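Here's the structure we're looking at; comments come further down.
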Amino acid sequence: MEKRVTFDEKTLPYLLVLPQIVITLVFFFWPSAQMIWQSMLLEDAFGGNTRFVWFENFAHLFQDPAYYRSAAITAVFSGAVAVLGLALSLLLAVMADRVIKGATAYKAFLVWPYAVAPAVVGVLWGFLFNPSVGIVAWALRNLFGYEFNYVLNGGQALVLVVFAAVWSQISYNFLFFLAGLQSIPRSLIEAAAIDGAGPGRRFWTIIFPLLSPTGFFLLVVNVIYAFFGTFGVVDALTKGGPAKATEILVFKVYNDGFRGQDLGGSAAQSAILMAIVILLTVVQFRFIERKVHY
Amino acid sequence: MATVSMRGVRKSYGGALEVIQGIDMEIADGEFIVIVGPSGCGKSTLLRMVAGLEKITGGEIAIDSRVVNNLEPKDRDIAMVFQNYALYPHMSVYENMSYGLRIRGMSKTEIDERVKRAAGILEIGQYLDRKPRQLSGGQRQRVAMGRAIVREPKAFLFDEPLSNLDAKLRVQMRVEIKKLQRQLGVTSIYVTHDQVEAMTMADRLIVMNKGVAEQIGTPIEVYAAPSTLFVAGFIGSPAMNFLETRVSSDGRLAIDGAALSPKTGLDPGRAVTVGIRPEHLATGGGLDVQVELVELLGADTLVHGRLSDGKSLVVRLPGNQVPTAGDRLPVQAYDGAWHLFDTETGKRLGTA
């Protein structure tokens with residue numbers, strides 16, 4: 001059943017959507033257009049001289065090994081953040097779903113990390129793992145004999161950034177998974193139990209497939225988060241270092257543009273990132289339209 | 001196929017509130033038992049305790065003389081049909097029906113044979129590749145039944161399986177379930193709040209109220225001799241008329257002033273509720289009914305009226321007798337149709 005109100009008036013509908021259109025144009029399309037325009041400009045370091053160079057900035061990027069390295073780091077980083085983030089939050093959601101006493105308080109506490117600003121997350125994890133004063137780094141060294149020094153070791157730095165990013169995002173995933181779990185009718189689980197399925201089999205054959213639309217949505221959201229939302233964490237923890245070992249693409253945009261003063265190249269990188277996000281979003285909508293109703 | 005025994009079965013959730021207050025019942029092999037009662041009476045809880053979905057607080061339940069109190073649902077060898085069907089939405093009808101068999105590691109050919117046979121019985125053969133969402137309510141109901149029968153369990157449990165269907169389909173499925181149960185001869189426990197379902201399907205029924213089995217018996221026994229006021233009012237449609245009165249000094253009951261006074265052997269002065277079913281009243285005789293409302297059902301006419309002492313009374317007349325509102329209608333009861341209950345305890349005292 002669809003109820004439709006039709007306007008005979010020609011201008012009123014346009015007037016009604018005008019504020020939305022203005023906001024979209026001013027705050028989304030204008031900056032994006034500027035970014036694309038900028039990506040075709042070459043500017044000297046002092047901003048005195050600007051030249052239009054067509055796609056030269058892009059061509060430079062695709063010949064730059066540092067860019068490919070950053071892309072590879074981003075792939076590893078976002079893959080790890082998405083997989084770890086989803087797996088851990090699903091585990092937490094399954095556990096929380098079983099809690100009966102104090103469930104509300106338990107859930108509320110699990111949501112707290114999401115309220116912590118990314119930069120603070122970075123500082124927090126930086127403190128814990130600081131090679132000289134961090135308590136976790138100290139414990140690793142003195143109790144397990146494991147030297148953890150993210151300031152010097154690139155691999156460890158990447159692991160630390162992944163953990164911090166996952167920790168910050170887990171609450172969000174958790175909420176969606178929990179809502180997904182709670183929307184599965186209890187009788188389905190009971191029917192499976194009577195059919196002879198133990199808890200493990202019930203999870204993999206009934207619950208997991210029914211959660212898959214939620215899971216896919218979260219996968220896309222998490223990848224986008226890993227691409228963009230983690231800037232603050234990286235900035236506060238490692239600033240892309242050591243030796244660019246944690247320089248993910250979005251951080252390279254910032255580094256090249258605002259530190260390297262290569263505004264054109266930085267804008268070109270932004271344009272590529274935007275294309276990736278558009279692609280991801282299209283995939284998500286396509287898939288969800290097809291798959292969300294099993 | 002099996003017997004099911006309940007011995008002093010109790011259920012409480014932590015506190016003092018007992019939702020099931022000691023049920024004793026022996027269910028014979030192949031019997032169709034209906035548990036009927038108003039919502040909140042504990043009937044579904046009792047069924048779920050048999051299924052193993054609720055812990056048993058006290059007493060014991062045995063299936064085929066094996067106590068199952070501490071067995072998981074999967075080890076009890078029962079199948080259950082849920083009110084919302086509980087079909088797995090991401091599986092086809094075939095996968096839904098074969099799920100339990102696959103878990104038990106049955107061979108592919110035997111699974112196929114069983115599913116096909118069940119689908120044939122239930123006439124859902126052409127839907128085996130569909131997903132549940134592509135089926136109508138009645139078809140989903142059949143698939144849920146199919147999932148139960150392919151397992152060839154010791155007992156079927158039904159938890160209000162027809163309440164999500166429309167009235168016409170409900171009547172049809174009611175007959176089909178009953179036939180199917182006869183054909184397969186599997187012991188069945190069926191929970192419903194609908195007394196018509198209870199009366200038509202049951203070999204024996206349990207009328208439950210507030211966690212207590214008020215009466216256990218065949219439908220006709222329960223209808224003819226309800227053991228409590230609750231059962232008398234719950235079973236039968238339209239509901240039995242109740243008139244509160246006292247035993248007079250000569251041992252008779254004064255009804256409608258003194259117009260009708262059946263003789264009883266009860267002590268004078270005792271508070272008694274007399275009940276009479278609307279269908280056991282007919283025109284002519286000593287009760288004087290002021291007609292207030294007439295409902296025409298085609299085959300029957302339901303007359304809502306008041307006696308001269310102001311008590312309301314429903315009379316069921318043949319469809320060709322149509323009094324008009326405002327009329328006075330003389331009414332009489334069939335012999336022995338009066339049910340007597342103790343007003344305080346609600347217990348049955350006999351007939352008059």
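The values are calculated or read from the model by the stated rules, or taken from the named source; none is laboratory data. Please read all numbers here as calculations on a predicted model, not as lab measurements. We place every Cβ from the backbone using ideal geometry, glycine too, and count neighbours over all the protein chains shown.
Step by step: first the residues of the range B:102-133, then only those that are among the charged types (D, E, K, R) and within 8 Å of chain A (Cβ to nearest Cβ), then the one that is nearest to the chain's Cα centre (by Cα). Which residue is that?
Filtering the range B:102-133 down to residues among the charged types (D, E, K, R) leaves B:102, B:104, B:108, B:110, B:112-114, B:116-117, B:123, B:129-131, B:133.
Checking which are within 8 Å of chain A (Cβ to nearest Cβ) leaves us with B:104, B:131, B:133.
On the way: B:104: 34, B:131: 32, B:133: 30 Å.
Checking each candidate, the answer is B:133.
Out of everything in the range B:83-96 that is closer than 16 Å to residue B:47 by Cα and surrounded by fewer than 21 Cβ atoms within 10 Å (Cβ to Cβ), what residue ends up being nearest to the other protein chains (Cβ to nearest Cβ)? Among them, the one singled out is B:84.
Scan the range A:126-138 residue by residue and report those that are among the aliphatic types (A, V, I, L, M), loosely packed, with under 14 Cβ neighbours inside 10 Å and within 14 Å of residue A:149 (Cβ to Cβ). Please lay out each step first, then the result.
In the first step, residues of the range A:126-138 are kept if they are among the aliphatic types (A, V, I, L, M); the result is A:128, A:133, A:135-137.
Adding the requirement that they be loosely packed, with under 14 Cβ neighbours inside 10 Å leaves A:133, A:135.
Scanning the range A:126-138 gives a single hit, A:133.
In the range A:187-223, the residue that is farthest from residue B:98 (Cα to Cα) out of those that are more than 9 Å from chain B (Cβ to nearest Cβ) and small (Gly, Ala, Ser) is A:215.
The residue pairs whose first member lies in the range A:18-40 and is within 22 Å of residue A:50 (Cβ to Cβ), whose second member is hydroxyl-bearing (Ser, Thr, Tyr) and modelled with pLDDT under 95, and whose beta carbons are closer than 6 Å, counting only pairs six or more residues apart or on different chains, are A:35/A:270. Scanning the range B:137-144 finds no residues that are surrounded by fewer than 22 Cβ atoms within 10 Å (Cβ to Cβ) and within 13 Å of chain A (Cβ to nearest Cβ). Per the conditions (1) touching a residue at least 40 places away in the same chain (Cβ under 8 Å); (2) within 11 Å of another protein chain (Cβ to nearest Cβ), the sole criterion not satisfied by residue B:74 is (1). The strands (runs of 3 or more DSSP E) located wholly in the range B:164-281 that include 1 or more residues which are of a type in the set (Ser, Thr, Tyr) occupy B:187-192, B:241-246, B:271-276.
So in the range B:298-318, with the set limited to residues that are charged (D, E, K, R) and touching a residue at least 60 places away in the same chain (Cβ under 8 Å), which one is farthest from residue B:276 (Cα to Cα)? Within the range B:298-318, the match that is farthest from residue B:276 (Cα to Cα) is B:311.
Could you tell me whether residue B:99 is at the interface with chain A (Cβ under 9 Å from one of its Cβ atoms), in contact with a Leu (Cβ under 8 Å, 6 or more places away or on another chain) and farther than 29 Å from residue B:208 by Cα? Steps first, answer last, please.
Numbers: at the interface with chain A (Cβ under 9 Å from one of its Cβ atoms): yes; in contact with a Leu (Cβ under 8 Å, 6 or more places away or on another chain): no; farther than 29 Å from residue B:208 by Cα: yes.
Taking the combined requirement at face value, the residue does not satisfy it.
Among the residues of the range A:146-186, the ones that are within 14 Å of chain B (Cβ to nearest Cβ) and either closer than 13 Å to residue A:114 by Cα or buried (at least 16 other Cβ atoms within 10 Å of the Cβ) (or both) come to 1 in all. Looking at the structure I just gave you, is residue A:174 within 30 Å of residue A:205 (Cβ to Cβ) and in a helix (DSSP H, G or I)? So residue A:174 fits the description; yes.
Considering the range B:13-37 alone, what residues qualify as being in a strand (DSSP E or B) and either on the phi > 0 side of the Ramachandran plot or of a type in the set (Gly, Ala, Ser) (or both)?
We begin by selecting, within the range B:13-37, every residue in a strand (DSSP E or B); these are B:18-27, B:32-36.
Once the filter is applied, which keeps residues that are in a strand (DSSP E or B) and either on the phi > 0 side of the Ramachandran plot or of a type in the set (Gly, Ala, Ser) (or both), the range B:13-37 yields only B:22.
Specify which of the listed residues (B:296, B:340) is touching a strand residue (DSSP E or B) at 6+ places or on another chain (Cβ under 7 Å) and of a type in the set (A, V, I, L, M, F, W, C). Write out each step before concluding.
Numbers: B:296 fails: touching a strand residue (DSSP E or B) at 6+ places or on another chain (Cβ under 7 Å).
None of the other options fit; the residue is B:340.
Please tell me if residue B:154 is touching a residue at least 40 places away in the same chain (Cβ under 8 Å), of a type in the set (D, E, K, R), within 14 Å of another protein chain (Cβ to nearest Cβ) and out of contact with any Pro (no Cβ under 9 Å at 6 or more places or on another chain). Show your work before the answer.
Values: touching a residue at least 40 places away in the same chain (Cβ under 8 Å): yes; of a type in the set (D, E, K, R): yes; within 14 Å of another protein chain (Cβ to nearest Cβ): yes; out of contact with any Pro (no Cβ under 9 Å at 6 or more places or on another chain): yes.
Spelling it out, residue B:154 is indeed touching a residue at least 40 places away in the same chain (Cβ under 8 Å), of a type in the set (D, E, K, R), within 14 Å of another protein chain (Cβ to nearest Cβ) and out of contact with any Pro (no Cβ under 9 Å at 6 or more places or on another chain).
All of (1) facing chain A (nearest Cβ under 10 Å); (2) under 22 Å from residue B:205 (Cβ atoms); (3) crowded, with 24+ Cβ neighbours inside 10 Å; (4) of a type outside the set (Phe, Trp, Tyr) hold for residue B:37 with one exception: (1).
Among the candidates A:166, A:151, which residue alone is among the hydrophobic types (A, V, I, L, M, F, W, C), out of contact with any Phe, Trp or Tyr (no Cβ under 6 Å at 6 or more places or on another chain) and modelled with pLDDT of 90 or more?
Details: A:151 fails: modelled with pLDDT of 90 or more.
Going through A:166, A:151 in turn, just one is among the hydrophobic types (A, V, I, L, M, F, W, C), out of contact with any Phe, Trp or Tyr (no Cβ under 6 Å at 6 or more places or on another chain) and modelled with pLDDT of 90 or more: A:166.
Taking each residue of the range B:85-114 that is over 13 Å from residue B:128 (Cβ atoms) and touching a residue at least 12 places away in the same chain (Cβ under 8 Å) and looking for partners that are part of a loop (DSSP other than H, G, I, E, B) and polar (S, T, N, Q) with beta-carbon atoms closer than 8 Å, six or more apart or interchain, yields B:85/B:164.
Has the range B:57-66 got any residue that is touching a residue at least 40 places away in the same chain (Cβ under 8 Å) and either within 10 Å of chain A (Cβ to nearest Cβ) or touching a Phe, Trp or Tyr at 6+ places or on another chain (Cβ under 9 Å) (or both)? Break it down stepwise before answering.
Going through the range B:57-66, the residues touching a residue at least 40 places away in the same chain (Cβ under 8 Å) turn out to be B:57-65.
Narrowing further to those that are either within 10 Å of chain A (Cβ to nearest Cβ) or touching a Phe, Trp or Tyr at 6+ places or on another chain (Cβ under 9 Å) (or both): B:57.
Yes, the range B:57-66 contains a residue that is touching a residue at least 40 places away in the same chain (Cβ under 8 Å) and either within 10 Å of chain A (Cβ to nearest Cβ) or touching a Phe, Trp or Tyr at 6+ places or on another chain (Cβ under 9 Å) (or both).
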